[in-house]
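A short worksheet on the structure shown next.
The values are calculated or read from the model by the stated rules, or taken from the named source; none is laboratory data. Small disclaimer: the values here were computed from a predicted structure and weren't measured. Here the Cβ is made from the backbone with ideal geometry for all residues, glycine too, and neighbour counts use every protein chain on show. Note: accessible area is taken over every heavy atom of the protein model, side chains too, but ligands, DNA and RNA are not part of it. Shrake-Rupley method; radii C 1.70, N 1.55, O 1.52, S 1.80 Å.
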Amino acid sequence: MYESFYGMRERPFAGQAGFTVVTGEIGSGKTTLIREFLKRADRTTNLGVISNTHIAFGDLLQWVLLAFGMPSEGGDKATRYQTFLRYLIEQYGAGKRTVLIVDEAQNLSIESLEELRLLSNVNADKDQLLQMILVGQPELLENLKRPELRQFAQRISVHYHLSPLTGTETRAYIRHRLAVAGADPGLFDREAVSAISYFSGGVPRLINSICDMALVYGFAAGRHAISIDTILAVVRDKERSSLLILPRSSRDISREALIAEIDRAFGEEKDGAGEEAAASSPAVPVESLPKAAEPPPTPARPRQGSEARAVSGSPVRPARPDGRVELGRDPKVMMPIMPSYLEGDGKVGAKTASAKRGGRSRWWLWLL
(Lines give C-alpha, C1' and ligand atoms only; values in the text may rest on other atoms or scores of the structure.)
Protein backbone atom coordinates (compact mmCIF):
# COMPACT_ATOMS: atom_id res chain seq x y z
CA MET A 1 0.00 0.00 0.00
CA TYR A 2 2.56 2.65 1.07
CA GLU A 3 5.81 0.67 0.80
CA SER A 4 6.92 1.94 -2.63
CA PHE A 5 6.00 5.53 -1.72
CA TYR A 6 8.40 5.47 1.25
CA GLY A 7 10.97 3.21 -0.40
CA MET A 8 10.31 0.28 1.97
CA ARG A 9 10.85 -3.40 1.31
CA GLU A 10 7.99 -4.33 3.64
CA ARG A 11 5.49 -2.81 6.03
CA PRO A 12 7.45 -2.13 9.25
CA PHE A 13 4.51 -2.00 11.65
CA ALA A 14 2.18 -4.63 10.22
CA GLY A 15 1.07 -7.24 12.70
CA GLN A 16 -1.75 -9.73 13.04
CA ALA A 17 -4.55 -7.27 12.32
CA GLY A 18 -6.78 -9.48 10.18
CA PHE A 19 -10.22 -7.95 10.72
CA THR A 20 -12.19 -5.43 8.70
CA VAL A 21 -15.52 -4.16 10.05
CA VAL A 22 -18.22 -2.60 7.86
CA THR A 23 -21.34 -1.25 9.54
CA GLY A 24 -24.50 0.45 8.37
CA GLU A 25 -28.14 0.88 9.23
CA ILE A 26 -30.83 -1.47 7.91
CA GLY A 27 -31.18 -1.04 4.16
CA SER A 28 -27.94 0.92 3.71
CA GLY A 29 -26.50 -1.56 1.18
CA LYS A 30 -24.22 -3.81 3.25
CA THR A 31 -25.24 -7.04 1.55
CA THR A 32 -24.97 -5.34 -1.85
CA LEU A 33 -21.35 -4.53 -1.07
CA ILE A 34 -20.68 -8.16 -0.19
CA ARG A 35 -22.05 -9.22 -3.56
CA GLU A 36 -19.86 -6.62 -5.24
CA PHE A 37 -16.89 -8.05 -3.35
CA LEU A 38 -17.71 -11.53 -4.62
CA LYS A 39 -18.01 -10.34 -8.21
CA ARG A 40 -14.76 -8.38 -8.22
CA ALA A 41 -12.43 -10.57 -6.18
CA ASP A 42 -9.39 -11.97 -7.94
CA ARG A 43 -9.34 -15.65 -8.85
CA THR A 44 -6.48 -16.17 -6.44
CA THR A 45 -8.74 -15.06 -3.58
CA ASN A 46 -10.59 -17.89 -1.88
CA LEU A 47 -13.83 -16.61 -0.36
CA GLY A 48 -16.23 -18.04 2.19
CA VAL A 49 -19.44 -16.32 3.30
CA ILE A 50 -21.55 -16.87 6.40
CA SER A 51 -24.81 -14.95 6.03
CA ASN A 52 -27.32 -16.59 8.34
CA THR A 53 -26.07 -15.75 11.81
CA HIS A 54 -28.58 -15.91 14.63
CA ILE A 55 -28.76 -16.33 18.39
CA ALA A 56 -28.74 -20.14 18.27
CA PHE A 57 -25.76 -20.07 15.91
CA GLY A 58 -24.08 -23.16 17.33
CA ASP A 59 -20.49 -24.22 16.65
CA LEU A 60 -18.75 -21.47 14.68
CA LEU A 61 -16.15 -23.79 13.16
CA GLN A 62 -18.86 -25.91 11.57
CA TRP A 63 -20.21 -22.83 9.77
CA VAL A 64 -16.70 -21.77 8.73
CA LEU A 65 -15.96 -25.17 7.22
CA LEU A 66 -19.31 -25.17 5.45
CA ALA A 67 -18.62 -21.69 4.04
CA PHE A 68 -15.48 -23.01 2.34
CA GLY A 69 -17.15 -26.16 1.06
CA MET A 70 -15.52 -28.57 3.50
CA PRO A 71 -17.28 -31.35 5.42
CA SER A 72 -18.31 -30.14 8.85
CA GLU A 73 -19.87 -33.26 10.29
CA GLY A 74 -18.06 -35.67 12.59
CA GLY A 75 -15.08 -35.23 14.87
CA ASP A 76 -14.67 -32.96 17.83
CA LYS A 77 -13.87 -29.24 17.83
CA ALA A 78 -10.11 -29.82 17.91
CA THR A 79 -10.34 -32.05 14.83
CA ARG A 80 -12.36 -29.44 12.94
CA TYR A 81 -9.82 -26.78 13.85
CA GLN A 82 -6.94 -28.90 12.53
CA THR A 83 -8.90 -29.56 9.34
CA PHE A 84 -9.40 -25.85 8.77
CA LEU A 85 -5.78 -25.04 9.63
CA ARG A 86 -4.51 -27.55 7.07
CA TYR A 87 -6.85 -26.01 4.52
CA LEU A 88 -5.48 -22.51 5.19
CA ILE A 89 -1.89 -23.70 4.89
CA GLU A 90 -2.65 -25.49 1.61
CA GLN A 91 -4.32 -22.40 0.15
CA TYR A 92 -1.48 -20.15 1.28
CA GLY A 93 1.08 -22.54 -0.21
CA ALA A 94 -0.83 -22.45 -3.49
CA GLY A 95 -0.58 -18.65 -3.57
CA LYS A 96 -4.22 -18.09 -2.65
CA ARG A 97 -5.55 -15.76 0.02
CA THR A 98 -8.43 -16.94 2.16
CA VAL A 99 -11.09 -14.44 3.20
CA LEU A 100 -14.05 -15.18 5.48
CA ILE A 101 -17.00 -12.77 5.30
CA VAL A 102 -19.56 -12.81 8.12
CA ASP A 103 -22.77 -10.96 7.29
CA GLU A 104 -25.25 -9.83 9.99
CA ALA A 105 -22.37 -10.07 12.44
CA GLN A 106 -24.29 -8.06 15.04
CA ASN A 107 -26.12 -11.31 15.84
CA LEU A 108 -22.94 -13.09 16.92
CA SER A 109 -22.59 -13.77 20.61
CA ILE A 110 -19.61 -12.55 22.62
CA GLU A 111 -18.40 -16.15 22.68
CA SER A 112 -18.57 -16.44 18.87
CA LEU A 113 -16.72 -13.16 18.39
CA GLU A 114 -14.02 -14.33 20.76
CA GLU A 115 -13.80 -17.59 18.84
CA LEU A 116 -13.22 -15.58 15.65
CA ARG A 117 -10.42 -13.71 17.39
CA LEU A 118 -8.79 -16.95 18.44
CA LEU A 119 -9.16 -18.21 14.88
CA SER A 120 -7.13 -15.21 13.70
CA ASN A 121 -4.17 -16.50 15.73
CA VAL A 122 -3.28 -18.64 12.72
CA ASN A 123 -1.76 -15.48 11.21
CA ALA A 124 1.93 -14.88 11.77
CA ASP A 125 3.50 -11.43 11.53
CA LYS A 126 4.22 -11.70 7.81
CA ASP A 127 2.05 -14.66 6.87
CA GLN A 128 -1.61 -13.72 6.59
CA LEU A 129 -3.37 -17.06 6.22
CA LEU A 130 -6.86 -15.78 7.01
CA GLN A 131 -8.54 -12.41 6.68
CA MET A 132 -11.99 -11.76 8.09
CA ILE A 133 -14.59 -9.15 7.19
CA LEU A 134 -17.45 -8.56 9.62
CA VAL A 135 -20.50 -6.80 8.21
CA GLY A 136 -23.37 -5.73 10.42
CA GLN A 137 -25.65 -3.12 11.89
CA PRO A 138 -24.33 -0.47 14.34
CA GLU A 139 -25.08 -2.82 17.26
CA LEU A 140 -21.97 -4.72 16.17
CA LEU A 141 -19.85 -1.77 17.30
CA GLU A 142 -21.51 -1.75 20.69
CA ASN A 143 -20.55 -5.39 21.12
CA LEU A 144 -16.98 -4.77 20.02
CA LYS A 145 -16.58 -1.95 22.55
CA ARG A 146 -17.27 -4.29 25.45
CA PRO A 147 -14.29 -4.75 27.81
CA GLU A 148 -14.13 -8.49 27.24
CA LEU A 149 -13.58 -7.90 23.52
CA ARG A 150 -10.81 -5.30 23.77
CA GLN A 151 -8.28 -7.80 22.32
CA PHE A 152 -10.59 -8.28 19.35
CA ALA A 153 -10.92 -4.51 18.85
CA GLN A 154 -7.14 -4.11 18.75
CA ARG A 155 -6.97 -6.45 15.75
CA ILE A 156 -9.37 -4.43 13.63
CA SER A 157 -7.37 -2.64 10.97
CA VAL A 158 -10.23 -0.94 9.11
CA HIS A 159 -13.72 0.17 10.09
CA TYR A 160 -16.13 1.94 7.77
CA HIS A 161 -19.71 3.04 8.40
CA LEU A 162 -22.09 3.30 5.43
CA SER A 163 -23.86 6.65 5.65
CA PRO A 164 -27.20 7.41 3.95
CA LEU A 165 -27.11 8.99 0.50
CA THR A 166 -27.36 12.74 0.25
CA GLY A 167 -29.99 14.40 -1.91
CA THR A 168 -27.55 14.80 -4.80
CA GLU A 169 -26.46 11.17 -4.52
CA THR A 170 -30.08 10.03 -4.34
CA ARG A 171 -30.82 11.82 -7.60
CA ALA A 172 -27.77 10.24 -9.26
CA TYR A 173 -28.71 6.81 -7.90
CA ILE A 174 -32.29 7.00 -9.24
CA ARG A 175 -31.10 8.22 -12.65
CA HIS A 176 -28.60 5.39 -12.83
CA ARG A 177 -31.14 2.68 -11.99
CA LEU A 178 -33.55 4.05 -14.58
CA ALA A 179 -30.84 4.24 -17.26
CA VAL A 180 -29.70 0.66 -16.60
CA ALA A 181 -33.33 -0.47 -16.96
CA GLY A 182 -33.56 1.26 -20.35
CA ALA A 183 -35.79 4.12 -19.19
CA ASP A 184 -35.42 7.88 -19.43
CA PRO A 185 -33.16 8.91 -16.51
CA GLY A 186 -35.40 11.96 -16.04
CA LEU A 187 -38.58 9.91 -15.55
CA PHE A 188 -38.79 11.19 -11.95
CA ASP A 189 -38.85 15.00 -12.01
CA ARG A 190 -36.69 17.09 -9.69
CA GLU A 191 -39.34 17.63 -7.03
CA ALA A 192 -40.24 13.92 -7.02
CA VAL A 193 -36.61 12.92 -6.51
CA SER A 194 -36.22 15.49 -3.75
CA ALA A 195 -39.33 14.16 -2.01
CA ILE A 196 -37.98 10.61 -2.24
CA SER A 197 -34.72 11.76 -0.66
CA TYR A 198 -36.65 13.61 2.07
CA PHE A 199 -38.93 10.73 3.08
CA SER A 200 -36.37 7.91 2.67
CA GLY A 201 -33.60 9.68 4.55
CA GLY A 202 -31.21 8.49 1.83
CA VAL A 203 -31.54 4.80 2.73
CA PRO A 204 -31.18 2.83 -0.56
CA ARG A 205 -33.71 0.14 0.35
CA LEU A 206 -36.37 2.76 1.15
CA ILE A 207 -35.52 4.68 -2.02
CA ASN A 208 -36.07 1.50 -4.03
CA SER A 209 -39.38 0.79 -2.30
CA ILE A 210 -40.79 4.27 -2.88
CA CYS A 211 -39.61 4.43 -6.49
CA ASP A 212 -40.97 1.01 -7.40
CA MET A 213 -44.40 1.75 -5.98
CA ALA A 214 -44.41 5.20 -7.63
CA LEU A 215 -43.96 3.50 -11.00
CA VAL A 216 -46.94 1.27 -10.23
CA TYR A 217 -49.05 4.33 -9.36
CA GLY A 218 -47.85 6.16 -12.46
CA PHE A 219 -48.69 3.20 -14.67
CA ALA A 220 -52.17 2.89 -13.15
CA ALA A 221 -52.82 6.58 -13.78
CA GLY A 222 -51.33 6.55 -17.27
CA ARG A 223 -48.65 9.10 -16.39
CA HIS A 224 -45.38 9.10 -18.33
CA ALA A 225 -43.58 11.21 -15.72
CA ILE A 226 -43.47 10.79 -11.94
CA SER A 227 -44.19 13.96 -9.98
CA ILE A 228 -44.12 14.93 -6.32
CA ASP A 229 -47.87 14.28 -6.10
CA THR A 230 -47.31 10.62 -6.99
CA ILE A 231 -44.60 10.32 -4.34
CA LEU A 232 -46.87 11.89 -1.72
CA ALA A 233 -49.67 9.47 -2.64
CA VAL A 234 -47.31 6.49 -2.32
CA VAL A 235 -45.91 7.59 1.02
CA ARG A 236 -49.31 8.42 2.52
CA ASP A 237 -50.83 5.11 1.42
CA LYS A 238 -47.86 3.19 2.81
CA GLU A 239 -48.12 5.03 6.11
CA ARG A 240 -51.85 4.38 6.38
CA SER A 241 -51.29 0.67 5.92
CA SER A 242 -48.31 0.71 8.32
CA LEU A 243 -46.34 -1.30 5.74
CA LEU A 244 -43.48 1.18 5.47
CA ILE A 245 -41.76 3.01 8.32
CA LEU A 246 -39.94 6.06 7.01
CA PRO A 247 -37.44 8.38 8.71
CA ARG A 248 -39.79 11.31 7.97
CA SER A 249 -43.57 11.20 7.94
CA SER A 250 -45.96 12.83 5.46
CA ARG A 251 -48.57 13.39 8.15
CA ASP A 252 -46.98 16.55 9.48
CA ILE A 253 -46.18 18.32 6.22
CA SER A 254 -48.25 19.75 3.37
CA ARG A 255 -47.29 19.68 -0.29
CA GLU A 256 -46.26 23.35 -0.24
CA ALA A 257 -44.28 22.94 2.99
CA LEU A 258 -42.57 19.86 1.54
CA ILE A 259 -41.45 21.77 -1.57
CA ALA A 260 -40.12 24.59 0.60
CA GLU A 261 -38.31 22.11 2.84
CA ILE A 262 -36.61 20.21 0.04
CA ASP A 263 -35.57 23.49 -1.63
CA ARG A 264 -33.99 24.57 1.65
CA ALA A 265 -32.31 21.20 2.22
CA PHE A 266 -30.87 21.01 -1.29
CA GLY A 267 -29.73 24.61 -1.08
CA GLU A 268 -27.78 23.90 2.11
CA GLU A 269 -26.30 20.75 0.57
CA LYS A 270 -25.14 22.67 -2.49
CA ASP A 271 -23.63 25.43 -0.36
CA GLY A 272 -21.68 22.94 1.71
CA ALA A 273 -20.53 20.78 -1.17
CA GLY A 274 -17.41 22.79 -1.94
CA GLU A 275 -16.15 22.75 1.63
CA GLU A 276 -16.75 19.02 2.01
CA ALA A 277 -15.07 18.24 -1.31
CA ALA A 278 -11.96 20.13 -0.23
CA ALA A 279 -11.73 18.37 3.13
CA SER A 280 -9.82 15.11 3.49
CA SER A 281 -8.69 12.83 6.32
CA PRO A 282 -5.63 10.55 6.40
CA ALA A 283 -6.14 6.80 6.47
CA VAL A 284 -5.13 5.44 9.85
CA PRO A 285 -5.64 2.14 11.66
CA VAL A 286 -8.83 2.08 13.69
CA GLU A 287 -8.32 3.42 17.19
CA SER A 288 -11.88 4.50 17.91
CA LEU A 289 -14.38 2.07 16.46
CA PRO A 290 -17.35 4.40 15.96
CA LYS A 291 -15.33 6.68 13.65
CA ALA A 292 -14.70 5.77 10.02
CA ALA A 293 -11.42 6.79 8.41
CA GLU A 294 -11.60 8.92 5.25
CA PRO A 295 -8.24 8.58 3.44
CA PRO A 296 -7.22 10.41 0.26
CA PRO A 297 -8.28 8.70 -2.97
CA THR A 298 -6.07 6.07 -4.59
CA PRO A 299 -8.05 4.45 -7.44
CA ALA A 300 -7.36 0.81 -8.14
CA ARG A 301 -7.97 -1.26 -11.23
CA PRO A 302 -10.68 -3.86 -10.46
CA ARG A 303 -10.21 -7.49 -11.27
CA GLN A 304 -12.66 -10.06 -12.49
CA GLY A 305 -13.82 -13.43 -11.39
CA SER A 306 -14.13 -15.24 -8.11
CA GLU A 307 -13.99 -18.69 -6.61
CA ALA A 308 -16.49 -17.74 -3.96
CA ARG A 309 -18.46 -20.27 -2.03
CA ALA A 310 -21.30 -18.98 0.11
CA VAL A 311 -23.55 -20.58 2.68
CA SER A 312 -26.32 -18.45 1.16
CA GLY A 313 -26.30 -15.55 -1.28
CA SER A 314 -26.49 -14.55 -4.90
CA PRO A 315 -24.62 -16.32 -7.72
CA VAL A 316 -21.29 -14.80 -8.63
CA ARG A 317 -21.28 -12.95 -11.94
CA PRO A 318 -18.34 -11.40 -13.82
CA ALA A 319 -17.60 -7.74 -13.17
CA ARG A 320 -17.76 -5.07 -15.87
CA PRO A 321 -14.47 -4.98 -17.82
CA ASP A 322 -13.74 -1.33 -16.93
CA GLY A 323 -14.91 -1.66 -13.34
CA ARG A 324 -16.90 1.60 -13.60
CA VAL A 325 -20.58 2.14 -13.06
CA GLU A 326 -22.10 5.01 -14.94
CA LEU A 327 -24.89 7.08 -13.46
CA GLY A 328 -27.32 8.17 -16.15
CA ARG A 329 -25.40 9.57 -19.09
CA ASP A 330 -22.49 11.05 -17.19
CA PRO A 331 -19.51 8.61 -17.34
CA LYS A 332 -17.59 10.69 -14.78
CA VAL A 333 -20.03 9.84 -12.03
CA MET A 334 -19.36 6.68 -10.05
CA MET A 335 -21.77 4.61 -7.99
CA PRO A 336 -21.08 4.32 -4.25
CA ILE A 337 -19.82 0.77 -4.50
CA MET A 338 -17.04 -0.81 -2.48
CA PRO A 339 -14.95 -3.17 -4.61
CA SER A 340 -12.66 -5.20 -2.45
CA TYR A 341 -9.24 -6.51 -3.26
CA LEU A 342 -6.48 -8.42 -1.55
CA GLU A 343 -3.09 -7.52 -2.92
CA GLY A 344 0.57 -7.21 -2.06
CA ASP A 345 1.46 -8.94 1.19
CA GLY A 346 -2.17 -9.74 1.94
CA LYS A 347 -2.53 -7.36 4.88
CA VAL A 348 -5.81 -5.60 5.38
CA GLY A 349 -5.62 -1.88 4.73
CA ALA A 350 -7.75 0.98 3.49
CA LYS A 351 -7.92 2.66 0.14
CA THR A 352 -10.59 4.98 -1.21
CA ALA A 353 -12.06 6.11 -4.47
CA SER A 354 -13.48 9.58 -4.84
CA ALA A 355 -17.02 9.65 -6.22
CA LYS A 356 -17.74 13.10 -7.59
CA ARG A 357 -21.30 14.17 -8.12
CA GLY A 358 -22.21 17.76 -8.78
CA GLY A 359 -18.92 19.07 -7.44
CA ARG A 360 -19.20 17.07 -4.24
CA SER A 361 -16.68 14.37 -3.31
CA ARG A 362 -17.65 11.40 -1.21
CA TRP A 363 -15.14 8.86 0.03
CA TRP A 364 -15.82 5.19 -0.50
CA LEU A 365 -13.87 2.46 1.20
CA TRP A 366 -11.81 -0.06 -0.72
CA LEU A 367 -10.25 -2.98 1.07
CA LEU A 368 -6.73 -4.25 0.46
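Numerical summary
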{"read-out": "Heavy atoms of Ser250 accessible to a 1.4 Å probe, total area in Å² rounded to 10", "value": "10 Å²"}
{"read-out": "Among the listed pairs Lys30/Lys145; Lys39/Lys145; Lys39/Lys96, those beyond 24 Å (Cα-Cα)", "value": "Lys39/Lys145"}
{"read-out": "Leu244 paired with Ala181, simple spin-label distance in nm, labels 7 Å along Cα-to-beta-carbon", "value": "1.3 nm"}
{"read-out": "Extension reserve of the Arg146-His224 stretch, reckoned as 0.36 nm per residue once the Cα distance is removed", "value": "22.7 nm"}
{"read-out": "Per-selection Kirkwood Rh - region 92-242 (Cα, Å, 1 d.p.)", "value": "18.9 Å"}
{"read-out": "Added length on full extension, which subtracts the Cα-Cα distance from 0.36 nm per residue, Val216 to Met70", "value": "48.0 nm"}
{"read-out": "Where N is the number of residues in region 171-238, Cα Rg divided by 2.2 N^0.38 Å", "value": "0.98"}
{"read-out": "Solvent-accessible area, 1.4 Å probe, carbon plus sulfur percent, for region 31-110", "value": "55 percent"}
{"read-out": "Distance between region 129-175 and region 51-120 - C-alpha centres, whole angstrom", "value": "20 Å"}
{"read-out": "Where labels lie 7 Å past Cα in the beta-carbon direction, separation of Gln62 and Ala94 in nm", "value": "2.6 nm"}
{"read-out": "Distance (nanometres) between label positions extended 7 Å along Cα→Cβ at Lys126 and Gln82", "value": "3.0 nm"}
{"read-out": "For region 160-235: accessible area per residue (Å², 1.4 Å)", "value": "41 Å²"}
